[in-house]
Structure formats: C-alpha cells, structure tokens
Amino acid sequence: MELLPAPGGSGIVFRRTDLDNFEIPAIGRNVAKVSYATSLMRQGVLISTTEHLLSALIGMGIDNVIVELDNLELPILDGSALPYVEAFTRVGIRTQRRRRESIRVLSPIEVREGDKFIGVYPGSGYSIDYTIDFPSPVGHQHSSVDLAADTYGATIAPARTFGYRSLEKQMREMGLIRGASPQNIIVLGTKGPENGPLRFSDEYVRHKILDLIGDLALAGHRIEGHVVAERAGHAMHTALVSRLLKDRSAWELACTPAKPVPAAAAKDDAPATLPGRVAPALAGI
Ligand SMILES: [Zn+2]
C-alpha cells in the first residue's frame, strides 16, 4: 500500500494498482457490505477493511489523498490506527491552498435499531460520545473525544480491535477474521484479555470511536457536529452516513477553520486560512 498526495478538493480515493488503477472514492455511495468490517465496492471491484486507515486520515486532519493498493484488503497492522499516525507524522502533512469543506450538521439525524442507537447533532468542531455494553469481560464503557483538540493520535489511534475467543471458531467458519492473530487483535477469554496488557483500561470503547471516525469518513467530507453512539457498530455507523447524505436539509457544506498544523508537518507557502490538507507520499506501510 502506498499513499500519494492529492489535489485540494479530491477527497480520499482508493486506487487498485492490480486492476488498471481502478479508482473507488471513499464516499457513502460506494459502501458495500458491512459486518465485522467496512468495505467499498464500485462496479464489482472491492476494497475491504477501510475503517482504520480512514479513521487515521480524518483523525489527523487529512482531507485529500490517493491510497494505492495492489489487492482488495487493507493491512490490519497491529489492529489499531497507530502505525498510520506514526507514518503520517514521519513524512509530514502539508497544508493546501484550497479551503476545507465540511459537512456542517444543522439539525439532528438519528438511527435506532432495537437497543442500538446513533445520532448526529449540530455542534462546533467534531466530537463523539460512545457507549458500549458487551458481554464480560468488556462490559459497559463510555468515552468521548473532541477531535478539534488534536487528541486523536494519543488517545484514539492506539486502541486495538478485539474479539472473543468463544466466537473464534464460528467466525473462522464464516470465512471472517482470516488474518487475525494475537499480534493484531485483543483476544478476550472468560477472565479478560489473553494477550494483555491493554493500552488503556477502556481500550474497547476507544476502538469503537476509532471505527466510527473511519466509517463516518464515508460521508465524503469531515463532519462538523456532535455524534452520540450507543451499542452501535459498522452497520449503524454507515446507516447514519446514508441517512445524513439523503437528508439534504439537515446539513450544509461549509468552510471550516483548519486545525493547527502538527509540529511535524511541513509548512508551505499556502496561507494558513481554512486550508484542506494532504498527505505527502507515504510508502512501505
Ligand atoms: Zn476496528
């Protein structure tokens, strides 16, 4: 996989180098099936497990990038978004001239399904409240994050995905989690994580926030608003994206002030007002 700079306004676009550079933009229209991971499909061409990379891009304030892949699946790495964040920090993030456009939420959009809930509300910046309630040993956890506070890299990106040992056989039989190993997933036994220690005591809910940020990236623009999720998952996250995109009266495209550029980012000649951002070429992930 290789990440290339893209012009302002181009958004996040996947490119299959093994299929004549076929492009699949990361937008809601291309969401394919959603179960344990989020996939994109256009004209029968698939890209799977997009959420961790998309989360890292949005979390680090990157709007425009081309993601070249020579197969259908993104690397799982260590099960978190931290390796991406470290790579972005290594190569730097450049501020672009063109102003960033965000989806500014004007009125609430909510999706409820049984005891699962997700909603997005007007608010300045991009903030998330997430509550989960999983069987033991995860239990009830709640966490919130304000992405405008530049906390993503330290508080959300390192949180790893998790899975129950008791469900492993069933999932493998369904052809899922083929690449799963204790190196890239927290394995939950009856007494707790089998391959601890955890990176945070509430790592599970932080990972759900990580996934949510990645899935909401499929709105095609950064969200400006406040998101509340309870017992949600990829299907609920992407249902919110389609509900939001359909209700054109609930939001507007607005130019938003840029976050401060991280210390590692290269400064270019662009004015600092309301820019979009781009990741320079990033190879070897
Ligand atoms: Zn995940």
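Go through region 151-169 and give me each residue that's more than 16 Å from the ligand (Cβ to nearest atom) and either part of a strand (DSSP E or B) or exposed (fewer than 11 other Cβ atoms within 10 Å of the Cβ) (or both).
154, 169
Do we find that residue 67 is buried (at least 22 other Cβ atoms within 10 Å of the Cβ), of a type outside the set (Ser, Thr, Tyr) and out of contact with any helix residue (DSSP H, G or I) (no Cβ under 6 Å at 6 or more places or on another chain) in this structure?
Here the answer is yes, as residue 67 does meet what is asked.
Within region 78-91, which residues are in contact (Cβ under 8 Å) with a residue 40 or more places away in the chain and either surrounded by 17 or more Cβ atoms within 10 Å (Cβ to Cβ) or part of a helix (DSSP H, G or I) (or both)?
Hits for region 78-91 are 79, 80, 81, 82, 83, 84, 85, 87, 88, 89, 90, 91.
Just one of the numbered conditions (1) touching a residue at least 12 places away in the same chain (Cβ under 8 Å); (2) more than 16 Å from the ligand (Cβ to nearest atom) is not true of residue 173; which one?
Going through (1) touching a residue at least 12 places away in the same chain (Cβ under 8 Å); (2) more than 16 Å from the ligand (Cβ to nearest atom) one by one, residue 173 breaks only (1).
Please specify each residue of region 193-219 satisfying the condition of being surrounded by 14 or more Cβ atoms within 10 Å (Cβ to Cβ) and in a loop (DSSP other than H, G, I, E, B).
Correct list: 195, 198, 199, 200, 202.
Which one is nearest to the chain's Cα centre (by Cα) among residues in region 143-152 that are more than 18 Å from residue 232 (Cβ to Cβ) and in contact (Cβ under 8 Å) with a residue 60 or more places away in the chain?
Ranking the candidates gives 152 first.
Of the conditions (1) over 25 Å from residue 248 (Cβ atoms); (2) surrounded by 20 or more Cβ atoms within 10 Å (Cβ to Cβ), residue 102 clears all except one; give me its number.
(1)
Six or more apart or on different chains, Cβ atoms under 6 Å: show the pairs whose first residue is in region 208-225 and within 14 Å of the ligand (Cβ to nearest atom) and whose second is among the polar types (S, T, N, Q) and in a helix (DSSP H, G or I).
Pairs that qualify, where the first residue is within 14 Å of the ligand (Cβ to nearest atom) and the partner is among the polar types (S, T, N, Q) and in a helix (DSSP H, G or I), are 210/55; 213/55; 214/55; 215/238.
So if I check each of 19, 40, which one is over 16 Å from the mean Cα position of the chain (by Cα) and not small (Gly, Ala, Ser)?
Residue meeting the stated conditions: 19.
This table checks each residue for (1) closer than 21 Å to residue 33 by Cβ; (2) not polar (S, T, N, Q).
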{"site": "171", "(1), (2)": "yes, yes"}
{"site": "183", "(1), (2)": "no, no"}
{"site": "188", "(1), (2)": "no, yes"}
{"site": "201", "(1), (2)": "no, no"}
{"site": "207", "(1), (2)": "yes, yes"}
{"site": "212", "(1), (2)": "yes, yes"}
{"site": "234", "(1), (2)": "yes, yes"}
{"site": "241", "(1), (2)": "yes, yes"}
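Which of the following residues is at pLDDT below 95, surrounded by 14 or more Cβ atoms within 10 Å (Cβ to Cβ) and among the β-branched types (Val, Ile, Thr): 118, 177, 132?
177
If I filter region 124-142 for residues that are touching a Ser or Thr at 6+ places or on another chain (Cβ under 8 Å), free of Cβ contacts under 8 Å to residues at least 60 places away in the same chain and in a strand (DSSP E or B), do I get at least one hit?
yes
Which residue pairs have Cβ atoms closer than 7 Å, lie 6 or more positions apart in sequence or on different chains, and pair a first residue in region 50-63 that is over 15 Å from residue 76 (Cα atoms) with a second residue that is within 11 Å of the ligand (Cβ to nearest atom) and part of a helix (DSSP H, G or I)?
If the second residue must be within 11 Å of the ligand (Cβ to nearest atom) and part of a helix (DSSP H, G or I), the pairs left are 58/213; 59/213.
Identify the residue in region 3-57 that is over 23 Å from residue 85 (Cα atoms), part of a strand (DSSP E or B) and within 16 Å of the ligand (Cβ to nearest atom) and, among all such residues, is modelled with the highest pLDDT.
Step by step, filter region 3-57, then rank; the result is 31.
The values are calculated or read from the model by the stated rules, or taken from the named source; none is laboratory data. Since the structure is predicted, the reported quantities are computational estimates derived from the model, not experimental observations. Here the Cβ is made from the backbone with ideal geometry for all residues, glycine too, and neighbour counts use every protein chain on show.
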